Amino acid sequence: MDYQNHITSTDELIRSHNGTWDGISGESVARMRLQNRFKTGLDIARYTAKIMREDMAAYDADPANYTQSLGCWHGFIAQQKLISIKKHFGTTKRRYIYLSGWMVAALRSDFGPLPDQSMHEKTSVPALIEEIYTFLKQADARELGMLFRDLDAARAAGDEVTAKAVQAKIDNFETHVVPIIADIDAGFGNAEATYLLAKKMIEAGACALQIENQVSDEKQCGHQDGKVTVPHEDFLAKIRALRYAFMEMGVEDGVIVARTDSLGAGLTKQIAYTREPGDLGDQYNAFLDCEEVSGAGNPGDVLINRDGKLMRPKRLPSNLYQFRAGTGEDRCVLDCITSLQNGADLLWIETEKPHIEQIAGMVDRIREVIPNAKLAYNNSPSFNWTLNFRQQVFDAWEKEGRDLSDYDRAKLMSADYDASDLAIEADNRIRTFQRDAAARAGIFHHLITLPTYHTAALSTDNLAKEYFGDEGMLGYVAGVQRKEIRQGIACVKHQNMSGSDIGDDHKEYFAGEAALKAGGVHNTMNQFAA
């Protein structure tokens, strides 16, 4: 419904109350409704799930239509990201938000900073989803409020051309509300616990849930050692739990991202149950590192039958079992195929480095079975991107027979190489990594898990160095405020960003000329009008 139709229908409702509602303005109600388009988290989940499904179909048609996101740990950070995207690119199309379990653990737990091991409160995850969408809805209300003021100004000036142009912007307004891919870790417990938490996350607005195949109570960050995976049947039960949650909540096209940590996980806590040779449990057990035994074995041994031979899986003092070295890629491929065959929509393969051909090699094998398989990929800050890509260029040039006598492969991170041909080529490959990986390696969604964690630390370091040093107040003015003004950062008018002008509008709706508003001539934010 466009703006004018909103007004017309609201005016009719007011008139139907025989004068008792005449103090209400139909246009003001229409404005408030447009500023609060999404009434519940489920409204958001259904809306954004449709967007993701459309984007996935667009990617299948053309890999150039890949999507991106940045991880956010606070609603304000997410809000400013989307405001910035709209300012620079005019649209939020194919830009999402990633909600990182790592950042929830490190920054949002009542226990204080925690490692990414699922020790934080599980309720903090849906709480952050709700917070992010509260801030994104406020960004909608703020931008529409400014358009409404522009409309009023144009009308007051008798400028019908401008008024029509502003009304067209209102009618075609693009929301800041975009899909969130939310990290549910390993489910925070068994399949029932996974289902219960999933429902809370969906109610908060999540249209996409990412779950990993680690043991919930042994969970580790994907880029740390000591990862322990679960047998496929255990993981598939949790995927089904997510689908049940989506369906129960009426978000039938919700997206499940199945993550495998098998590439870097050499351990399992369980030997899989096997019904018959060659079934999924048997395939999982086939990767176990075993030694043949004779007789009945030793007391406490766990023995399995492999090809008619009695085998003892290698058991560590931690009571965990060990996989054979070099089986990580094969296990990843099996994980991915079985996940897609049992209800997952997207894959996530956690790797130890950003290497397109490594990812593509696995995706090629997966696509032999499931041709439209596609990934969400973690462009992780845990990788040293500069060093990795300089080494990749070094290796490629070495294979080509080029003279590399000016370079020491072990020291390529050195700033001494920053202006070198090798470093320039490496940076070019970093620049095109997402585009190239989308085309070659089936990556539909590129995300950075922890970018705003690092930007907050970097910007705070720069401010502290200047402000507490010789620059004093100029450290803030030149390093922050003047840049905000020059770059058109909305937050320079922080009262407006916090909702002060929205509140003034409401006061006027409610009290008319008697409204005591904050945005008068003495508001110092007026200094930024220039």
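The values are calculated or read from the model by the stated rules, or taken from the named source; none is laboratory data. Keep in mind that what you see is a predicted model, and the values were worked out from it rather than measured. Because the Cβ atoms are built from the backbone with ideal geometry, glycine has one as well, and the counts that use them run over all protein chains shown.
Kindly indicate whether any position in region 516-528 is surrounded by 12 or more Cβ atoms within 10 Å (Cβ to Cβ), within 30 Å of Ile24 (Cα to Cα) and in contact (Cβ under 8 Å) with a residue 60 or more places away in the chain.
No, the conditions are met nowhere in region 516-528.
Please determine whether any residue of region 223-232 is modelled with pLDDT under 95, more than 17 Å from Thr327 (Cβ to Cβ) and either among the small types (Gly, Ala, Ser) or within 19 Å of the chain's Cα centre (by Cα) (or both).
yes
Can you find a residue in region 449-463 that is under 23 Å from Arg94 (Cα atoms) and touching a Ser or Thr at 6+ places or on another chain (Cβ under 7 Å)?
Yes, there is a match, as at least one residue in region 449-463 is under 23 Å from Arg94 (Cα atoms) and touching a Ser or Thr at 6+ places or on another chain (Cβ under 7 Å).
Can you name the helices (runs of 4 or more DSSP H) wholly within region 1-90 that have at least 3 residues being of a type in the set (Val, Ile, Thr)? Outline the logic, then answer.
Details: elements: 3-15, 26-35, 41-61, 75-89.
Qualifying helices (runs of 4 or more DSSP H): 3-15, 41-61, 75-89.
Can you tell me how many residues in region 193-220 are in contact with a helix residue (DSSP H, G or I) (Cβ under 7 Å, 6 or more places away or on another chain) and either charged (D, E, K, R) or free of Cβ contacts under 8 Å to residues at least 24 places away in the same chain (or both)?
Qualifying residue count, region 193-220: 3.
Which of the residues that make up region 225-253 are β-branched (Val, Ile, Thr) and part of a loop (DSSP other than H, G, I, E, B)?
Keep residues of region 225-253 that are β-branched (Val, Ile, Thr), which gives 228-230, 239, 251.
Of everything in region 225-253, those that are β-branched (Val, Ile, Thr) and part of a loop (DSSP other than H, G, I, E, B) turn out to be Val230, Val251.
So which pairs qualify, if the first residue must be in region 102-124 and at positive phi, the second must be modelled with pLDDT under 90 and not in a loop (DSSP other than H, G, I, E, B), the Cβ gap must be under 8 Å, and the two must be at least 6 apart or on different chains?
Final answer for the pair search is Ser118/Ser216; Ser118/Asp217.
What number of residues in region 280-322 are acidic (Asp, Glu) and touching a Phe, Trp or Tyr at 6+ places or on another chain (Cβ under 9 Å)?
So the count comes out to 1.
Condition (residue is among the hydrophobic types (A, V, I, L, M, F, W, C) and touching a Ser or Thr at 6+ places or on another chain (Cβ under 8 Å)) applied to region 376-383: is it met by at least one residue?
Within region 376-383 (the criterion being among the hydrophobic types (A, V, I, L, M, F, W, C) and touching a Ser or Thr at 6+ places or on another chain (Cβ under 8 Å)), the answer is no, since none of the residues qualifies.
Say whether the condition of being free of Cβ contacts under 8 Å to residues at least 40 places away in the same chain, out of contact with any strand residue (DSSP E or B) (no Cβ under 6 Å at 6 or more places or on another chain) and either acidic (Asp, Glu) or surrounded by fewer than 21 Cβ atoms within 10 Å (Cβ to Cβ) (or both) is met by at least one residue in region 442-455. Before you say what the answer is, go through the steps one by one.
Going through region 442-455, the residues free of Cβ contacts under 8 Å to residues at least 40 places away in the same chain turn out to be 455.
Imposing the further condition that a residue be out of contact with any strand residue (DSSP E or B) (no Cβ under 6 Å at 6 or more places or on another chain) reduces the set to 455.
Okay, now just the ones that are also either acidic (Asp, Glu) or surrounded by fewer than 21 Cβ atoms within 10 Å (Cβ to Cβ) (or both), so 455.
Yes, the conditions are met somewhere in region 442-455.
As an exercise: evaluate Tyr98 against (1) assigned to a helix (DSSP H, G or I); (2) more than 27 Å from Phe510 (Cβ to Cβ) and give the number of the one condition it does not meet.
(1) is the only condition that Tyr98 fails.
What tally of residues in region 262-290 results from selecting those that are of a type in the set (Ser, Thr, Tyr) and in a strand (DSSP E or B)?
Here the count works out to 1.
Against the definition (among the aliphatic types (A, V, I, L, M), surrounded by fewer than 19 Cβ atoms within 10 Å (Cβ to Cβ), more than 30 Å from Asn5 (Cβ to Cβ) and in the same structural domain as Trp102 (by TED's automatic domain parsing)), how does Ala241 come out, yes or no?
Against the criterion (among the aliphatic types (A, V, I, L, M), surrounded by fewer than 19 Cβ atoms within 10 Å (Cβ to Cβ), more than 30 Å from Asn5 (Cβ to Cβ) and in the same structural domain as Trp102 (by TED's automatic domain parsing)), Ala241 does not qualify.
Only one of these is modelled with pLDDT of 95 or more, over 29 Å from the mean Cα position of the chain (by Cα), part of a helix (DSSP H, G or I) and in the same structural domain as Met249 (by TED's automatic domain parsing): Ala163, Ala193, Ala198. Name it.
Of Ala163, Ala193, Ala198, the one residue that is modelled with pLDDT of 95 or more, over 29 Å from the mean Cα position of the chain (by Cα), part of a helix (DSSP H, G or I) and in the same structural domain as Met249 (by TED's automatic domain parsing) is Ala163.
Of the numbered conditions (1) within 26 Å of Phe528 (Cβ to Cβ); (2) touching a strand residue (DSSP E or B) at 6+ places or on another chain (Cβ under 8 Å), Gly475 satisfies every one except a single condition; which is it?
(2)
Scan region 247-289 for residues that are buried (at least 18 other Cβ atoms within 10 Å of the Cβ) and basic (Lys, Arg) and report the count.
Count: 1.
Considering only residues that are of a type in the set (A, V, I, L, M, F, W, C), touching a Gly at 6+ places or on another chain (Cβ under 8 Å) and modelled with pLDDT of 95 or more, look in region 98-127 and name the one that is surrounded by the most Cβ atoms within 10 Å (Cβ to Cβ).
Leu99
Could you list, in sequence order, all residues of region 1-54 that are in contact with a Leu (Cβ under 7 Å, 6 or more places away or on another chain) and among the polar types (S, T, N, Q)?
Gln35
Would you mind telling me which numbered condition in (1) surrounded by 11 or more Cβ atoms within 10 Å (Cβ to Cβ); (2) closer than 30 Å to Phe148 by Cα; (3) acidic (Asp, Glu) Glu466 fails?
For Glu466, the failing item is (2).
Considering only region 319-363, state which residues are closer than 27 Å to Val393 by Cβ and among the basic types (Lys, Arg).
Matches in region 319-363: Lys353 only.
Which of the residues that make up region 110-142 are more than 22 Å from Asp261 (Cβ to Cβ), touching a His at 6+ places or on another chain (Cβ under 9 Å) and outside any helix (DSSP H, G or I)?
Within region 110-142, Asp110, Phe111 meet the criteria.
Test Asp171 against the criterion of being within 23 Å of Cys332 (Cβ to Cβ) and of a type in the set (D, E, K, R), and give yes or no.
Judged against the criteria, Asp171 is not a match.
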